[in-house]
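The values are calculated or read from the model by the stated rules, or taken from the named source; none is laboratory data. Predicted model only: the values in this text are computed from it and were never measured. When we count neighbours, we look across all protein chains shown, and the Cβ atoms used for this are built from the backbone with ideal geometry, even at glycine. Only protein heavy atoms, including side chains, enter the accessible area calculation; ligands, DNA and RNA are left aside. Shrake-Rupley method; radii C 1.70, N 1.55, O 1.52, S 1.80 Å.
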Amino acid sequence: MNNLEVASFQNGQLSYASRDCETIPVHLIEQFGQLATRIDLSDNCLNSLSGLEKFSNLKEVVLDKNGLTDEAVNSLPILPAVETLSLNKNKIRDLDNLLRVIESCIPNLTYLSLLGNEACPDQLSSSDTDEDDYRRYRLYILCHLPKLKFLDFSPFRESDRKEAALKGPFLKVVRPSMDHFKENESSEDREGKASDYKPLPNKLRDNPGNKATFGKCRYVYYGRHSEGNRFIRNNDL
């Protein structure tokens, strides 16, 4: 079976998924460059997006599950006719860089999906994010890409556009990574971690004078927060 046979093409839709290719194959460009309006290159190993510009009639580009990094994003060519871009489940971390590239290369984009990237704070991909993070992320992107109609799995409303115009520039979500803490951790900090927690010396553990008691407190705190300890007196212990 040759390369042309493994590519699926029907009604302007070209699929070349799960082929382990690192660049866009030349034979696809030669065979379908003037015909394809949609290209699906999902589940490959692309490290460069150069060559997409040869598909002159593209409206939709699907690049899910390619392990695309911020560096690979910088290779995105100018695609003036593309309206849909799917980048789900890649390794994109720098949202600002991605937005700059899209602004300059895909000026008519109306649908964008970034689920499963570190740059996207969706709760399905990360337990460290919440609904507020995702809301800010949506408004921040809409502020930079005002032609968008859909982001990820939901459309934008008119109220979103008004809020993005007002607050968008100030809603960037920034979360330090563990790499950041490791890089900035001093040798003193590392030494301190090793020595901060030690077992209690034997002479103290064997001291028969050490005592502890347990009992009931007469005071009950009914507030929303666990602040009951401030009502406990020493003689109640």
key: Sole exception among (1) outside any loop (DSSP other than H, G, I, E, B); (2) open to solvent by less than 60 Å² (accessible area, probe 1.4 Å); (3) acidic (Asp, Glu) for residue 103, by number   = (2)
message = So the check is Cβ under 7 Å with 6+ separation or different chains; which pairs have a first residue in segment 13-31 that's over 15 Å from residue 63 (Cβ atoms) and a second one that's open to solvent by 40 Å² or more (accessible area, probe 1.4 Å) and of a type in the set (S, T, N, Q)?
response = 27/3
request  = Kindly indicate whether any position in segment 172-182 is out of contact with any His (no Cβ under 9 Å at 6 or more places or on another chain), at pLDDT 65 or above and surrounded by 17 or more Cβ atoms within 10 Å (Cβ to Cβ).
outcome  = no
inquiry  = Being touching a strand residue (DSSP E or B) at 6+ places or on another chain (Cβ under 6 Å) and either open to solvent by 30 Å² or more (accessible area, probe 1.4 Å) or within 27 Å of residue 142 (Cα to Cα) (or both): is that true of residue 62 here?
reply    = yes
query = Restricting the search to segment 68-90, which residues are within 16 Å of the chain's Cα centre (by Cα), of a type outside the set (Asp, Glu) and surrounded by fewer than 16 Cβ atoms within 10 Å (Cβ to Cβ)?
reply = 69
ask   = Can you find even one residue in segment 14-26 that is more than 22 Å from residue 115 (Cβ to Cβ), open to solvent by less than 40 Å² (accessible area, probe 1.4 Å) and in a strand (DSSP E or B)?
value = yes
inquiry  = Checking residue 119 against (1) open to solvent by less than 30 Å² (accessible area, probe 1.4 Å); (2) in a loop (DSSP other than H, G, I, E, B); (3) at pLDDT 95 or above, only one condition comes out false. Which one?
reply    = (3)
